[in-house]
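Have a look at the structure below before the remarks.
Only the coordinates and a few stated rules stand behind these numbers; no lab work does. Only a predicted model underlies this, so the values are computations on that prediction, with no experimental measurement involved. Every residue, glycine as well, gets a Cβ built from its backbone with ideal geometry; the counts of neighbours run over all protein chains shown.
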Amino acid sequence: MNADARPVIKPIRNGVGAFAAMKAVFARDLKVAFRQKQDLLNPLLFFVMVVSLFPLGVSPEVSFLREAGAGILWVAALLSVLLSLDHLFRHDFDDGTLEQLVLQPQPLFLLVLAKTLAHWMLTGLPLVLLTPVLGVMVHQEGNSIAVLCLTLLIGTPVLSLIGAIGAALTLGLRSAGVLLSLLIIPLYIPVLIFGTGTVAAAADGASVGAYVALMAAFLVLAVTLAPFAAAAALRISLSNG
Amino acid sequence: MWQWFHKLGSPKWFFGIATRFMPWLLILGLGLLAAGIVWGLAFAPKDYLQGNSYRIIFIHVPTAFIAQSAYIMMAVAAVVTLVWRMKLADVFVKAVAPVGLVLTFLSLFTGAVWGKPTWGTWWIWDARLTSMLILLFLYGGVIALDRAINDEKSAARAVAVLVLVGVVNIPIIKYSVEWWNTLHQPATFKLTEKPSMPAEMWVPLVLSILGLYLLFGWLACLRMQTEILQREQRTKWVREMITAGRS
């Protein structure tokens, strides 16, 4: 037998660096998401609807809305991020992509970070972009709206990162949605407190530097720790099946 | 040292040692708690400001204290579960979580009862009340996750991850809630500040904390034993023990 006829087995290359793998995961998630545009719109619609419930349900008075508007927007943003978290790993879990990701030679936590970043680009960022419109609707002043957008810009990635842990833990469980909310909402409380606190301070004319710095500290903490926890949780959930 | 560590990993060994210690935990715990409460309720001096209503402190503080330390213990056990995969550690987490939930609830409830005469309201969004409420949510989440996962090993490890995420967040939650409270609400209500409690007040308080700790230990052992029996029901030693007890 001619040795040349045998298929050449190429040496396995671990050459794809971690950063390239992250970019690939990120690009893939964006591409998949843009093929199901309705899934992108749903959290935004939810956000708008929840915000519009408050004037209807509590009071349309300008004084009330001016006082409570920032809190309403923050709570609504928090809930719609929570709602969208179920999609973060679910589809990949169902079609087996997630197992392939876990098997990659690149560190799983970096891939999880890339997925979470994509999730934030698709939910958190649009919420931030919508906020000025809704802020005007709940009678926030220009300065408050700017600060509100800033806090949401720093805060929503934290929500996505913490949420990734919950989404990974509840993967493949019955009634995962409710369970996810139960696990994650207590952990969201500090972000909510500082997010609305910043806007309240800005409305009082106080300096917001310290608040913004603290929120940025939350973000740094979440970026460094949450992907590890989420990756550990993913491995546990995948070994479950 | 290491032999002891390995023994601790054996459910059978733990079951035996727990059976020996539990009566002591129960008797000492009940005794101390009874002494603390009777002393506190009947003999301790009245508070100069709150009168007799402060006496609920002898139940309120122990429950709150142990509710918080139980979560820390769970976190230590969670580390042991994840690092050494020790069976008993996750049995501990599973057994203690509902106890912690009940203790947290009791401390909130007694706090509300105490708040009515002292502050004139059942509930205020005070920093400490709110952080205890969040602790209640955390316990609830741990129990819910544990119940939702059927596979025992995955449940143990998933719960361990959740407990650890929670314990990282507890200080953050605590400080942010304190910040939030001082931000929005000037301290209209304050617990009467007693610069130094007289000994007739804090000695019974310490007694009842110790007593409740021992009772907590007893309850944890009992629940762990039950859990061990369920998990090890197919092993030889459990069968032998059950049949020996029956004959």
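Helical content alone sets the calculated 222 nm signal of chain A at -28000 deg cm²/dmol, taking -39,500 (n - 2.57) per DSSP H segment of four or more residues and averaging over every residue.
With Cα atoms defining each centre, segment B:95-144 and segment A:184-198 are spaced 19 Å apart in the structure. Between the listed residues A:Ile236, A:Ala21, A:Phe218, the Cα displaced farthest toward the positive end of the dipole of segment A:18-240, a dipole computed from Cβ unit charges relative to the Cα centre, is found at A:Ala21.
Computed from the C-beta positions of A:Phe64 and A:Glu99, the FRET efficiency with R₀ = 51 Å rounds to 0.50. With the simple model of a label 7 Å out from the Cα in the direction of the Cβ, A:Ser52 to B:Glu240 spans 7.2 nm.
The share of Cα pairs per 10 Å bin across the protein assembly as shown, counted from zero up to the longest distance, runs 4, 16, 23, 23, 18, 11, 4, 1, 0, 0, 0 percent. Within the shell defined by Cβ-Cβ distances under 11 Å, the residues around A:Ala176 carry a net charge of +1, with Lys and Arg each +1 and Asp and Glu each -1.
Among A:Leu78, A:Leu113, A:Leu103, the residue with the largest mean-square fluctuation in a Gaussian network model of chain A, with springs joining Cα atoms closer than 10 Å, is A:Leu103.
Annotation: amide H of B:Asp47 within the under-5 Å range of B:Tyr54, sequence separation 5 or more or interchain, hydrogens built in the peptide plane.
For the protein assembly as shown, the residue among A:Gly209, B:Ala244, A:Ala164 whose Cα projects farthest onto the positive side of the dipole built from Cβ charges is B:Ala244.
Once Rg and the Kirkwood radius are both taken over the C-alpha atoms of segment A:1-157, their ratio Rg/Rh works out to 1.21. Normalising by residue count, segment B:72-139 has a Cα convex hull of 73 Å³ per residue. Mind checking the angle between helix A:18-35 and chain A's longest principal axis? C-alpha axes, 0 to 90 degrees, to the nearest 10. In chain A, helix A:18-35 runs at an angle near 60 degrees to the longest axis.
The Cα-based radius of gyration and maximum Cα-Cα distance (Dmax) for segment A:27-88 are 14.6, 46 Å. Cβ-Cβ distance of B:Lys116 and B:Thr226, R₀ of 41 Å, FRET efficiency by 1/(1 + (r/R0)^6): the value works out to about 0.65. For segment A:209-217, putting each phi into the Karplus relation 6.51 cos²θ - 1.76 cosθ + 1.60 with θ = phi - 60° gives couplings of x, 5, 5, 4, 4, 5, 5, 5, 5 Hz, in residue order, rounded to whole numbers and with x for Gly and Pro. Of all the Cα-Cα pairs you can form in chain B, what percent are over 28 Å apart? Cα-Cα pairs of chain B separated by over 28 Å account for 43 percent. Cβ-Cβ distance of A:Leu45 and A:Val220, R₀ of 35 Å, FRET efficiency by 1/(1 + (r/R0)^6): the value works out to about 0.65. Based solely on its DSSP helices, what 222 nm [θ] is calculated for chain B when runs of n ≥ 4 H residues each add -39,500 (n - 2.57) and the sum is averaged over all residues, nearest 500 deg cm²/dmol? Calculated at 222 nm, the ellipticity per residue is -28000 deg cm²/dmol.
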